[in-house]
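No lab work stands behind these numbers, since they all come straight from the coordinates. From a predicted model like this one, the values you see are computed outputs, not experimental measurements. Quick reminder, even Gly has a Cβ in these numbers, built from the backbone with ideal geometry, and neighbours come from all protein chains shown.
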Amino acid sequence: MKYTHLGKGNPVTGNVRQVSATTTPDGPAAPGRLERRKQQTRQRLMTAAQELFVRRGYEATTYDEIAQRADVARQTAFNHFPRKEDFLRAWTEQRRANLRDLLSQSAFQQISAPDQLTAYLRVLAEFNRTDREVGSLLAKIFASGAGFALAETAPDAFAASIRHGIRHGDFAPDIDPDLVAEVVFDSYLCTLGRWLRQDPPFDLADALIRKLEVILDGIRPAR
């Protein structure tokens, strides 16, 4: 399994690269044979579930079908993913990893709140661009109400940056950070939905950032 990670450089425009989920701060880990087999089995189950969810639908897909498609025993599927929603958790965790990686960069805390919000949206856009099928699947599941418990951490991250902006004078002091974060996140979801429906898709990052600028223009302090 892979996830998107910001490379070195400007955290707003830094190059996005793909790294192994087993990468450690000291470099790539070297898992033993048993661990490699577990990872391979988990990946087969993830791939099988994704294909079936797309073809048959999330609710209609059974564990027996996932196990059969992955060529593993039904109990093995349960051992890796005790509940069907755990497949969704694995996919959404990739998005959380993107944001955690971004937040962990010391340079990120030194940039302005508008640039922080721009960086968040670039990461989310890149995740969807590199794995559009999973993004489409998750959007459908969330829209149906089945995945609301797995909502992304983006709204909280947005709110933290907006509070940062209030403290540093980027935004008006009387705005509600949580409400603005909700507006930014709703804009993201709406734009993502339109992007997923359009073929060929438009530039998602560009569309998100242009809408963000409209929102930010409304919360900047009066001159």
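Before moving on, here are some points about what is shown:
- On the beta carbon distance between residue 62 and residue 89, with R0 = 25 Å, the FRET formula returns roughly 0.85.
- For the stretch 180-192, 3J(HN,Hα) computed residue by residue from phi via the Karplus equation (6.51, -1.76, 1.60; θ = phi - 60°) reads 5, 4, 5, 5, 4, 5, 4, 4, 4, 5, 5, 5, 4 Hz, glycine and proline entered as x.
- Couplings 3J(HN,Hα) for the stretch 54-71, derived from phi with the Karplus relation 6.51 cos²θ - 1.76 cosθ + 1.60 (θ = phi - 60°), are 5, 7, 9, x, 5, 5, 7, 6, 10, 5, 4, 5, 5, 4, 5, 5, 7, 6 Hz, where x marks Gly and Pro.
- Multiplying the residue separation of residue 172 and residue 223 by 0.36 nm and subtracting their alpha-carbon distance yields 17.3 nm.
- Cα→Cβ-extended label distance, 7 Å offset, between residue 40 and residue 210, nm: 4.7 nm
- Per-residue ³J(HN,Hα) for the stretch 35-49, Karplus 6.51 cos²θ - 1.76 cosθ + 1.60, θ = phi - 60°, Hz, x for Gly and Pro: 5, 4, 5, 5, 5, 5, 5, 4, 5, 4, 5, 4, 5, 4, 4
- Ascending count of other beta-carbon atoms within 10 Å, so fewest first, for 219, 175, 162: 175, 219, 162
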